[in-house]
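Working notes, beginning with the structure itself.
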Amino acid sequence: MSAMALELQGVCKSFGGVPAVREVTLSVREGERRLLLGPNGAGKTTLFNLVMGDLVSDSGTIRLFGQDVSRLRADRRVHLGLSRTYQVITLFPKDTLAHNIVLALLGLSRSRFDPFSLLAKRGDLWERARAALDRVGLAKLADRPLSQTSYGEQRRLELAMALAQEPRVLLLDEPLAGLSREERRDVQDLLASIPREVTVVMIEHDLDVALSFAEKITVLHYGQVIVEGTRAEIVADPRVQEVYLGA
Amino acid sequence: MKRNSVYSGLRPPSVAGKAGSSIVRAAIAVLLLVPAFLPFDYYVNIATQILIAAIFASSLNLLVGYGGLISLGHAGFLGTSAYVLAWLATRGELSHLWASLGALGVTTVVAGLFGVLSLRATGLGFVMITLALGQILWGVAYRWVSLTGGDNGLSGFSRPHPLGIDLSSPGSFYLFTLVVFVLAFLFVSVFVHSTFGAGLQGVRDQPRRMQALGWDVWGIRFVTFVVAGFWGAVAGVLYADYNQFVSPHVLALTNSAEVLLMVIAGGAGTVLGPIVGAAVVVLLKNVVSAYITRWVMLLGFVFVLIVLYMPEGLVPGVERLRRRTVRRGAEA
C-alpha cells in the first residue's frame, strides 16, 4: 500500500453562512487517478480552491504527503509539488504563450527573486517553455500573444503550464470543458501521458473520458461526500442515481 | 524583425534591441552636451530639475506601471530623504557623504515600514493608506518644529564635493545628476526586464494565478515597494543638494500627485514614459510660468488633452501613431 498524497479531514467552508463544502474527508493515494463528480454547485471547485490554498478552509485539516498545509499560502503549497488548472481561464492575455509557460517555470525557480537576471537572456527557460508547448502541440504558436489564440489552445496551455511545473499532485478542473471532439481526443492522449507516479485529481463532466481515466470516484452533493468507490460501485449506487436522475 | 538566435522570436520584445541601444547612446551624448550648449544657467538648472524629476517618476513607475499599485504618498520618500540629509548635514554635523548615506538608509527603512502597512491592501485601499502615510510625514515636517524647522524648513548645508570635485556651479551639478540618472535608468531597465520584473508584471495582471504558480505575491510587491522607496530617496538626496534647502512643501500631497501625473502622462509601465512625463511637467512649470501666470490651468489643460487623445500616455501613444503611419505608408 502506497502512501497518501492528499488527505482531507473534516474540511468545511461557508460563504456568508451558506455552506459550500461540509465536513469533507477523503484520501488520495500517491499515483492515484481520482475523479470528483457532482452536479453544479456541489462544491467541487471550492474544494479545489481549498486544497490549492486559493481559499482558506474554515475548519478541518488538509495534508499533502503527510504535511499539514491547511494554513499554508498557495505558493508554498506549489513548492511542495501541487499544481492546478482552472475551470475559468486565468492566464496572461498580453503575453505570448511561451511567456505564460516561463512564468509557470519561474514560479518554482530560485531566480524568480533575481532582479538582475535578464529574462530575454534566459535561454534555458525559453527552451523548456518550447518543450512544454511542444508536448501539447502548441510549439508553433509559442510567439503568439495569448489573446490571439483560440479557447481550445488556451485550455491546452493551461495544462502545459501545470505539467511544466512537474507536479507530484495535479488538480485538473474540467480540462475538457468547451473543447471540440478532436481537441478532446488530444487532451485525452495528453492526460494518458502524465507519468504514473503523479497523483491526479480531476473534475470533469465528460463521463466517457473521465471514467476511463479515473480509478476511483468521489461524488459530492451539496458540499458533502455522498459516495466513494470504483466506477461500477458508483454507477450501481442508488444515491448517485437519485442525485443525477432525481429518481 | 529577424534575429539570428536559436530562440529567435521566442523572446519577448525588449527595449535593449540594437536600434534601442543606439538611440540611448545618442540620447546620453546629447544630455552630456547640455551644459555646453544651453546659454544660461537658468536652462541648465531646468535640465537638472528634469533629471531629478525623471529619477523620482521612474521610481514611482515601478509601483504604478509595473506593479499596478497606485501610490499617492511617493513624495514621502523624496521628502524624508531630503529632510534626513539636511538634518544630518546641519544639526548632525556629519560629512555630506555620511549624511547622504544616512538619508538613503533611513528612507529605505521607512519604505519597508510603509510597505508593510500599505500592502495590507491593494487597489483603492492601497491608494488611501499611502495617501495617509504621506500626510503624516507632511504633518510631522510642518508641526514638529524643533526637529524640522517647521515652516522655515532646514537650510545651511552646501553641495557635496565628491572626490574633491566642486559641484556648486550649475553645469557641474548637472553632470553629477546625469551620472546618477544614467545609473537609475540602467537599474530600472534591467529590473523590469529581469526574471523578477516578469514576476512583478505577472502579479500586476493576475495576482491570484501567480500565487498558484508558486510566486510570493506579497513578497514581490514588498520588494518593489522598498526598491521604489530607495530610488525615491536617491531623487531626494539630489533634490536637497540642488536646492540646498528643504521645506514641508516637498512632502505635500501636490508633490505626490504631480509625480503620479508624470508617470501617467508619459506612459506608466514603460521605461521612457516617466522620463518624458517629468520633462513635460518640469518644462511647463518653469518655462510656461514665465509667460502665463495661470500655468497650473495650462498644465491641467495639457493633461486633459493627453487623457483624451493618448490615455495610455505620451510614449505608448506616439508609438501607436508611428505604427499607424508606417502601416498606412505600406498600404499606399
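Points worth noting:
- Sparse-neighbourhood loop sites, chymotrypsin sites (Phe, Trp or Tyr not before Pro) in segment B:81-144 - DSSP loop, at most 16 other Cβ within 10 angstrom: B:Trp144
- Under a Gaussian network description of chain A, with springs only between Cα atoms under 10 Å, the residue in A:Leu163, A:Leu190, A:Leu119 that fluctuates furthest is A:Leu119.
- Counted over segment B:248-332 with a bin width of 5 Å, the fraction of Cα pairs per bin, in whole percents, is 3, 15, 20, 21, 17, 11, 6, 4, 2, 1, 0, 0.
- C-alpha center-to-center spacing [segment B:92-143, segment B:230-269] in angstrom: 13 Å
- Look at the alpha carbon pairs under 8 Å that are at least 6 residues apart: their mean separation over the length of chain A gives a relative contact order of 27 percent.
- Mean sequence separation of contacting Cα pairs (under 8 Å, at least six apart), scaled by the length of chain B, corresponds to a relative contact order of 29 percent.
- Shown is the FRET efficiency for A:Glu30 and A:Ser193, computed with R0 = 25 Å from the Cβ-Cβ distance and rounded to the nearest 0.05: 0.85.
- In degrees, nearest ten, helix B:253-266 long axis to first principal axis of chain B (Cα): 20 degrees
- For the protein assembly as shown, lysine pairs separated by 8 or more sequence positions, or belonging to different chains, with Cα-Cα distances below 22 Å total 10.
- Over segment B:40-252, the Kirkwood radius and the radius of gyration, each from Cα atoms, give a ratio Rg/Rh of 1.00.
- Angle between chain B longest axis and helix B:75-90 axis [Cα atoms, degrees, rounded to 10]: 40 degrees
- Set of segment B:305-332 residues, backbone N closer than 12 Å to the point 7 Å along the Cα-Cβ line of B:Ile292: B:305
- Antiparallel beta bridges, as assigned by DSSP with both residues in chain A, represent about 55 percent of the total such bridges.
- Chain A: C-alpha pair distances exceeding 21 Å, %: 59 percent
- Amide H contacts under 5 Å for A:Lys216, placed H, 5+ residues apart: A:Arg33, A:Leu35
- Near the amide H of A:His221, within less than 5 Å, lie the amide hydrogens of A:Ile226, all on another chain or at least 5 residues away, with H placed in the peptide plane.
- Distance between the modelled labels on B:His249 and A:Val56, one decimal in nanometres: 4.7 nm (7 Å Cα→Cβ projection).
- Expected-Rg normalisation [2.2 N^0.38 Å, Cα atoms] applied to segment A:71-218: 1.05
- Mean separation of Cα pairs under 8 Å and 6 or more residues apart, divided by the residue count, gives segment A:108-234 a relative contact order of 17 percent.
- From largest to smallest, the equivalent ellipsoid semi-axes obtained for the protein assembly as shown from the alpha-carbon gyration tensor read 54, 28, 20 Å.
- 0 to 90° range, to nearest 10: angle between helix B:96-118 axis and chain B longest Cα axis: 60 degrees
- Within 10 Å of each Cβ in B:198-206, the average number of Cβ atoms from other chains: 6
- Distance between the 7 Å Cα→Cβ label points at B:Ile23 and B:Val182: 2.0 nm.
- For the protein assembly as shown, the share of DSSP beta bridges that are antiparallel, to the nearest 5, is 60%.
None of the figures in this text is laboratory data; all of them are computed from the coordinates on show. Just so it is clear, the model here is predicted, and its values are computed rather than measured. A quick note on method: Cβ atoms are made from the backbone with ideal geometry, for glycine too, and the neighbour counts reach across all protein chains shown.
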